[in-house]
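Let me begin by presenting the structure, written as structure tokens, before commenting on it.
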Amino acid sequence: MKTIDYLVVGSGCSGAMAAQTLVEAGVKVTMLDVGEHSKGEFEKLIPDSDFLSIRKNELDQHKYFIGKDADGLDWSDIGKGAQVTPPRKHMVRSTDTLIPLVSKNFSSLESLGYGGLGIGWGLQCWEYSDKDIQKVGLNQEDMQSAYELVSRRIGISASKDKASKYTINNLQAYQPSLRMDRNHQYIYSKYKSRLNGLEKKGIVMGRIPLALLSKDMKGRKKYAYRDMDFYSDSDKSAWRPWITVNNLKRHKNFEYINRQFVTRFTEKGNTVEVTATNIDSGDITTFRCKKLILATGALGSARLALRSFNDYSSRLPLLCNPYTYIPCIQPRMMGKGAEAKKLGFAQLALCLDEDQSQTNTSVASLYGYQSLMLLRTIRQLPFDFADGRDLLRYLITGLVIMGASC
Amino acid sequence: MLNEREELKKQAIALAHYLIKSRPKPDSIKLYTKAVRSKLPKHLDKADLKILKLSSRHPSLLASLDAGLAILRPDAELRRRIYIMFAVLESTPEHSDRFLSKKRSRLYIFRITGIGCRASMRSLVGMFLVKVLEA
């Protein structure tokens, strides 16, 4: 058995960034990953066109909007991947069997996909404030340089505005923000006209930093406002961890081994032995490494560590901010007709910092709603489907979903 | 007596007529049939069966039953089936105009009020029907 210098488990955001840092430092890195993949079926199907043109012209659109056999339709609202579109379903594939989690009051979202939860990530890149970093005992300068490095690698579009101290803080390396859609432009202009009063109450609004390019960068194209963000990554304007892992595969000091489900590790002197099961053949392989980097998510890493130490009785506290979706209607924007060129990701950040301390801030992201189609909201209305659709067709252009975290 | 496939085909046509006032393409019927057969439970409770039977005999009651169930039992089997047909139709280019956001006219507020009133009426009738059927 050969000894690997650095073994990274997982290909999500953390795994990809850790592996890139090590590969660039010149050390040998092996990444073990289950690597569930879409098998390329959707890449060929989805044309490089905007959402509205696709809706009006593409005969095969049901295959990526609702699934080939309508298998992407999910009647439940919660649960693993209920909101995930068919081209991103591989993000949660195999999780029910390999990493089941049963709870009456908590629904986890974990991934064994190539790129981890980054496959369906909404691209928001909020920085912690200096005070938050201090409070948890991290080094402010180290964190700042890490933020700069990550931003240069993945490409973040952002703005210096009233909300900057909560969103990008001191970040220097970023591209200009993308153009907001009509609805968000209106909300932002309203906010600006009431700036003084709102600021006194500790309410600020600004652009959300997104891992989405407004300028071409390293073979990736700038965002083309196609509003197909929930279905396609064809121009790679959105950073996904698999983009980094694909690039790393070109390096001689990087090896990617997929279909490996890591089950436990054992420390042996100066080395660590890692046991993994091939999820197709069931073959068990042991890897030996000098350093092990677990990048399998908070739940995955905890599960793996506990199992490795044969600890099946400890109860780990799970800290998690409550997150709520609040639908809001902007009456002036109702019935404005669909927008052909539109940004599908979150566009505005709303922060409430009543004591202006930057440590007890409630934050919310504002999203527009178009490309997820009516079928995902219609069931929430207390109306029959036909009338619900007629109403939604007027309401949808004025609809803003606020994702609030307290 | 129709077999299950024919029954679902007939149901697909009735649901499409309810939702878009026109006959669906054969591909849409096929997709609906496939989705219903693969996704939905084979054993239905009595109330669901009664509601499905009534909607099949009297498709004109679909809107009211749908509206009543939306309030009383949003997860009812009929609602699930309408939802599947809704999704199938929404993802076909022929019908995209019926599902994309609508540009308002000057009188759109009356139109919205009208839709709201119609929906409320349907809900009242539907709730009565569902209560009777489930009694």
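Derivation of every value follows stated rules applied to the coordinates shown; laboratory data play no part. All values reported here derive from a predicted model rather than from experimental measurement. In this analysis, Cβ positions are derived from the backbone assuming ideal geometry, glycine residues included, and neighbour counts consider all displayed protein chains.
Note on A:D71 and B:S60: the model spin-label points, each 7 Å out from Cα along the C-beta direction, lie 4.2 nm apart. When only the Cβ of Lys, Arg, Asp and Glu is charged (+1, +1, -1, -1), the dipole of the protein assembly as shown relative to its Cα centre reaches about 1480 debye.
Estimated translational diffusion coefficient (Stokes-Einstein, Kirkwood radius over Cα pairs, 10 °C, 1.306 mPa s) of region A:184-278: 86 µm² per second.
Taking the helices alone, chain A has a mean residue ellipticity at 222 nm of -7000 deg cm²/dmol, built from -39,500 (n - 2.57) per DSSP H run of at least 4 residues and averaged over all its residues. Taking label positions 7 Å along the Cα-Cβ direction at both A:E24 and A:N105, the computed distance is 4.3 nm, reported to one decimal. Judged by the ratio a/c of the largest to the smallest principal axis of the C-alpha gyration tensor, region A:98-250 counts as rounded, that ratio being less than 1.5. Mean per-residue shielding of peptide A:62-73 is 5, counting Cβ atoms of other chains within 10 Å of each Cβ. Peptide A:389-397 has a mean of 6 when you count, residue by residue, the C-beta atoms of other protein chains within 10 Å of its C-beta. Rounded if a/c is under 1.5, else prolate if a/b is larger than b/c, else oblate: which is region B:1-80, with a ≥ b ≥ c the root eigenvalues of its Cα gyration tensor? Oblate is the answer for region B:1-80, as a/c is 1.5 or above yet b/c matches or exceeds a/b.
Taking the Cα centre of chain B as reference, the dipole from Cβ charges on Lys and Arg (+1) and Asp and Glu (-1) amounts to some 340 debye.
Peptides B:102-109, A:222-229, A:7-14 ordered by packing proxy, namely the average of other Cβ atoms within 10 Å per residue, highest first: A:7-14, A:222-229, B:102-109. Taking 20 °C and 1.002 mPa s as conditions, the protein assembly as shown diffuses translationally at an estimated 83 µm²/s according to Stokes-Einstein applied to its Kirkwood radius (Cα pairs).
Note on the protein assembly as shown: dipole from Cβ charges, positive end direction compared against B:H17, B:A87, A:P382; the farthest Cα belongs to B:H17. Look at the stretch A:374-383: the mean tally of other chain Cβ atoms within 10 Å of its residues' Cβ atoms is 5.
Restricting to the protein assembly as shown, compute how many DSSP beta bridges are antiparallel as a %, nearest 5. Among the beta bridges of the protein assembly as shown, antiparallel pairing accounts for roughly 70 percent. Model label points for A:R152 and B:D45, set 7 angstrom from Cα along the Cα-to-Cβ axis, are 6.2 nm apart. Screening chain A for whole DSSP H helices of 18 Å or more along their axis (Cα) with average Kyte-Doolittle hydropathy at least -1.0 returns A:140-154.
If the segment from A:N246 to A:N270 were pulled out straight at 0.36 nm per residue, it would be longer than the present Cα-Cα gap by 5.6 nm. For the Cα trace of region B:30-135, dividing Rg by the Kirkwood Rh returns an Rg/Rh value of 1.02. The relative contact order of chain B comes to 32 percent, based on Cα pairs under 8 Å that sit 6 or more residues apart. Among the helices of chain B, those built from whole DSSP H runs whose Cα atoms reach 18 Å or more along their own axis and whose mean Kyte-Doolittle hydropathy is at least -0.5 are B:4-20, B:77-90, B:108-134. In this structure, the amide hydrogen of A:I293, modeled 1.01 Å from its nitrogen in the peptide plane, lies closer than 5 angstrom to those of A:L7, A:V8, A:V9, counting only residues at least 5 positions away or on a different chain.
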